[in-house]
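Here the structure comes first, spelled out in structure tokens, and everything after it is commentary.
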Amino acid sequence: MSATAQPGLRGKRILLAKPGLDGHDVGAKVIALALRDAGADVIYTGLRKSPAYIAQAAVDEDVDALGLSILSGSHVELVAQTFDELAARGAGDMAVFVGGTIPAADREALEALGVKGVFNSDMRLADVVAQVARALA
């Protein structure tokens, strides 16, 4: 299950978070391990964090990217709130990735908000890691 080391991830700091009330985090933990195995320094905030908490943690941890795992269906709203909170802290240009139960029809709305990558469970783990590495290289 581990991903191959990716030069674009070596030394990068990535915060993974679960915004909203969703209590399922197996996918986030799998991604965290894959990114770690590929060379990134990964911080996981745990379940049920607010966009404000996540944005503050991203700033405090001085991360290069933020990954949001959302299965609740509230992805567009939660991502928009997170971008607002990042901007309020001077980090509006941070690379943000979103994974979870994301209908294809919502991909465009998320990308319009500034999301650098949208991932779902149909994607190969190695492809997710490679796309994050390319975006951060």
### Task
Return only the number of the condition from (1) more than 14 Å from the chain's Cα centre (by Cα); (2) over 24 Å from Lys29 (Cβ atoms); (3) of a type outside the set (A, V, I, L, M, F, W, C); (4) surrounded by 16 or more Cβ atoms within 10 Å (Cβ to Cβ) that Glu85 does not satisfy.
(2)
### Query
Is one or more of the residues making up the stretch 30-45 within 12 Å of Ala17 (Cβ to Cβ), buried (at least 18 other Cβ atoms within 10 Å of the Cβ) and free of Cβ contacts under 8 Å to residues at least 24 places away in the same chain?
yes
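All of the numbers you see were taken from the coordinates with simple rules; none came from a lab. This is a predicted model, so every value here is computed, not measured. We place every Cβ from the backbone using ideal geometry, glycine too, and count neighbours over all the protein chains shown.
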